1. Taking the range 599-621 as the region of interest, how many residues are under 19 Å from Thr395 (Cα atoms) and charged (D, E, K, R)?
2. Return only the number of the condition from (1) of a type outside the set (Val, Ile, Thr); (2) touching a Gly at 6+ places or on another chain (Cβ under 6 Å); (3) closer than 30 Å to Asn688 by Cβ; (4) not in a helix (DSSP H, G or I) that Asp575 does not satisfy.
3. Scan the range 180-189 and give yes if some residue there is at pLDDT 90 or above, under 20 Å from Ala614 (Cα atoms) and in a loop (DSSP other than H, G, I, E, B), otherwise no.
4. State all residues of the range 247-263 that are more than 29 Å from Leu205 (Cα to Cα) and out of contact with any helix residue (DSSP H, G or I) (no Cβ under 7 Å at 6 or more places or on another chain); if no residue qualifies, say none.
5. For the range 442-459, indicate whether the set of residues that are within 28 Å of the chain's Cα centre (by Cα), surrounded by fewer than 23 Cβ atoms within 10 Å (Cβ to Cβ), closer than 26 Å to Asp598 by Cβ and of a type in the set (Val, Ile, Thr) is non-empty.
6. Taking Glu326 and the conditions (1) on the phi > 0 side of the Ramachandran plot; (2) in contact (Cβ under 8 Å) with a residue 60 or more places away in the chain, which numbered condition does it fall short on, given that it satisfies the others?
7. Find the residue count for the range 240-285, including only residues that are aliphatic (A, V, I, L, M), part of a helix (DSSP H, G or I) and over 24 Å from the mean Cα position of the chain (by Cα).
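The values are calculated or read from the model by the stated rules, or taken from the named source; none is laboratory data. Everything quoted here is computed from the prediction, not taken from an experiment. Methodologically, a virtual Cβ is constructed for each residue, glycine included, from the backbone with ideal geometry; neighbour enumeration extends over all protein chains shown.
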Amino acid sequence: MFSLISQNGIAGATTIRDAAQGHRTPSTSAAGARCNNCTCSPGLLSRNRRSSMYLMRMINPASPRKLHLARALSEEPSSIEESCADVQELNTSLRLEKIRELMGEANLGVYIIPSEDAHQSEYTSNVDQRRAFVSGFSGSAGVAIITRELSSMNDQPEGLAFLATDGRYFTQAANELDFNWSLLKLGAPDTKSWEQCAVDHAALLSLDSGKVVNIGIDPKLIPFKEVKYIDSLIAEKCKENQNYNVKLVAVRDNLVDKIWPQFEKIPTREFKKVYKLDEKYTGETAKSKLDRLNANYFKKYGSSTLILNALDEIAWLLNLRGSDIEYNPLFYSYLIINGIDNLTLYSDIDTKCKEELKDYLKELNCEIKSYDEIWFDIRKTATQLNNSGKKLLLTEEATWKMVNCIIAKNFVEIESPIKSMKEIKNEVELKGQIQAQIEDGYALVKYFSWLEKELIQKSSFISEYEAAMELLKIRSELKNFKGLSFETISSTGANAAIIHYSPPSEGSSIINPNKIYLCDSGSQFLNGTTDTTRTLHFSEPTKEEIDNYTLVLKGHIALAKLVIPADHVTGFQVDCIARQFLWNKGLDYMHGTGHGVDSFGPVHSAGVGIGFRAYCNKNTLKEGHLVSNEPGYYKPGHYGIRIENMVFLKEVEGKKGSLEFVTTTKVPYCRKLIDVNMLTVEEKDWINNYHHSIWELFEHRFQKKSWEWTWLRRETAAI
């Protein structure tokens with residue numbers, strides 16, 4: 001459970017990572033100074049900086065905010081730039097050198113470092129952030145590719161380094177990577193996939209050296225389906241020239257883990273408390289879910305033995321939650337289902353927790369074993385099935401190491417049935433989502449009105465980070481609040497153009513009321529997970545900002561009003577609905593329009609989505625799907641705009657076979673940024689009805705004529 005009091009008793013929120021992100025030149029204030037001899041890239045600085053001035057100010061209320069921020073503002077940008085003007089070498093040089101030395105010992109020409117952990121999690125704990133450690137890039141998505149020149153005779157090994165990431169992170173990666181790295185912009189025109197990049201460079205190394213070039217990767221961190229794809233690229237490449245000789249190999253000992261202690265204290269994997277989520281929040285028992293799994297899928301596949309390694313799927317299926325990964329109520333585990341009455345959960349749950357869960361797990365016929373016993377039991381289970389002529393079911397998230405444990409190779413790869421099952425929310429989950437959004441909407445109304453009062457009425461200096469912490473403080477008082485669902489994006493001016501920017505704890509920008517402010521944030525409640533983005537302006541926005549905001553809003557409304565045939569349309573097909581008004585002006589955004597969201601689980605789920613990526617075209621939109629609606633526009637170096645609500649699909653009343661989107665988020669749009677003349681009558685009616693519903697929900701929760709009440713009345717008034 002999230003707490004505003006840390007374990008050591010220091011007051012202050014700890015779920016926003018105490019790390020500086022997205023700045024080439026950090027603040028030179030006393031607590032965050034960067035000396036002339038500093039060799040840290042911005043990304044590496046963000047990994048290593050852990051103290052928080054904000055927390056110190058909370059401990060010592062006598063420290064006035066204005067005095068501190070005024071001192072921070074007195075640091076002129078020119079003096080900051082001069083402080084590190086003579087930096088010649090950055091820390092990744094030595095890290096790459098050490099990696100290449102180990103690559104030589106392992107006979108590797110190329111080494112791949114993914115972002116994911118052994119469970120293919122999007123968000124990982126510190127112990128699994130290997131790619132961030134070696135590259136300095138702190139975004140949640142990306143792959144590092146490191147090459148080693150086989151023919152080099154120099155004492156220090158040479159090679160190239162690539163960081164591949166998608167459009168959400170282009171600006172952030174450009175800010176955080178040092179000169180050792182080349183940015184591979186996935187999805188950009190004429191840009192290769194990271195897999196093709198690795199294979200092509202391995203082929204050239206093979207041609208230059210006349211040797212076999214091995215591409216190495218930790219088999220625990222890559223899905224087997226990805227291995228097959230890379231192998232197919234290698235086979236295709238080698239057909240082009242008989243002198244190419246490339247092979248993909250599993251590297252048992254992770255090379256990053258071996259060098260990590262030379263630079264930092266290597267994090268440890270923590271197994272925290274695991275607890276049962278009550279049926280009043282889940283709406284269905286784990287036994288019922290297992291029965292559905294058996295009836296709808298096991299009979300179809302002709303096998304009732306399934307291995308799961310995706311943490312969100314295990315947590316959902318068993319109605320269990322934990323806190324092993326920041327922002328995600330999940331716990332490290334594997335699960336073997338050997339018939340619905342024979343389950344084995346692999347997790348290092350402590351003795352006290354096992355005792356608390358003993359009776360519940362006994363009802364499910366679920367045995368608990370230690371986390372690392374999974375590898376022996378995969379082999380044993382597969383062998384037993386092979387002896388009886390049966391197959392083992394593996395999901396698409398199954399890793400190469402899992403497959404390597406299956407000697408007989410008697411397995412079948414399937415799309416995880418749990419993934420599609422949990423995407424369709426039941427009535428209890430949808431009611432929980434609605435209530436969670438009301439509570440979170442109340443917090444955001446309170447926060448945005450507070451921020452405007454501080455900036456405009458009080459002329460206060462508020463940093464992006466301090467604002468994010470105030471929002472966290474407000475949320476912490478809400479019923480069923482369990483923490484943030486992701487790191488708050490609190491961004492002013494040009495920082496708002498960095499799609500996944502999050503403010504550093506030290507040296508973050510002061511919010512400028514004369515520029516756009518973008519806040520993307522979410523909460524974890526026992527009854528739901530939220531994700532809301534609002535773009536605001538506290539002064540006089542430019543015509544360009546108003547025009548582009550209104551274009552984004554029109555697309556947002558178009559998707560919210562959309563009616564589609566049931567089970568015939570994919571998120572890939574409707575993505576253009578939200579982009580149409582931007583496209584008419586030659587504008588666009590480089591991220592998806594919507595992602596699935598779990599019920600008290602990860603804020604991003606891959607079973608459903610609205611966007612241009614392949615997974616969005618894999619499954620049709622169904623009744624009960626919960627997704628985000630978040631078009632945007634970004635002008636690098638100037639501003640960013642994004643508007644995000646959560647919506648779910650339900651059957652249109654009186655129109656069987658048709659689905660409509662129901663908006664659950666309850667936060668007003670920014671009136672100053674709306675050009676009413678650009679809206680149709682139907683769009684204005686939709687906004688007015690939406691705002692009226694917000695007013696009716698919250699006006700009684702604020703004292704009449706108070707600042708919050710007045711702000712809410714103004715922002716929800718009819719346009």
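1. Adding up the residues that qualify gives 1.
2. All conditions pass for Asp575, except number (4).
3. yes
4. Selection gives Pro261 alone.
5. For the range 442-459, residues within 28 Å of the chain's Cα centre (by Cα), surrounded by fewer than 23 Cβ atoms within 10 Å (Cβ to Cβ), closer than 26 Å to Asp598 by Cβ and of a type in the set (Val, Ile, Thr): absent.
6. Glu326 satisfies all of (1) on the phi > 0 side of the Ramachandran plot; (2) in contact (Cβ under 8 Å) with a residue 60 or more places away in the chain except (1).
7. Here is the first cut: in the range 240-285, the ones aliphatic (A, V, I, L, M) are 246, 248-251, 255-256, 259, 266, 274, 277.
Next, only the ones that are part of a helix (DSSP H, G or I) stay: 255-256, 259.
Cutting the leftovers down to over 24 Å from the mean Cα position of the chain (by Cα) gives us 255, 259.
Total meeting the criteria: 2.
Here is a yes/no grid of residues against (1) of a type in the set (Lys, Arg); (2) at pLDDT 95 or above; (3) in the same structural domain as Ser476 (by TED's automatic domain parsing):
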{"residue": "Glu284", "(1), (2), (3)": "no, yes, no"}
{"residue": "Lys287", "(1), (2), (3)": "yes, yes, no"}
{"residue": "Leu290", "(1), (2), (3)": "no, yes, no"}
{"residue": "Tyr301", "(1), (2), (3)": "no, no, no"}
{"residue": "Ala310", "(1), (2), (3)": "no, yes, no"}
{"residue": "Asn328", "(1), (2), (3)": "no, yes, no"}
{"residue": "Tyr334", "(1), (2), (3)": "no, yes, no"}
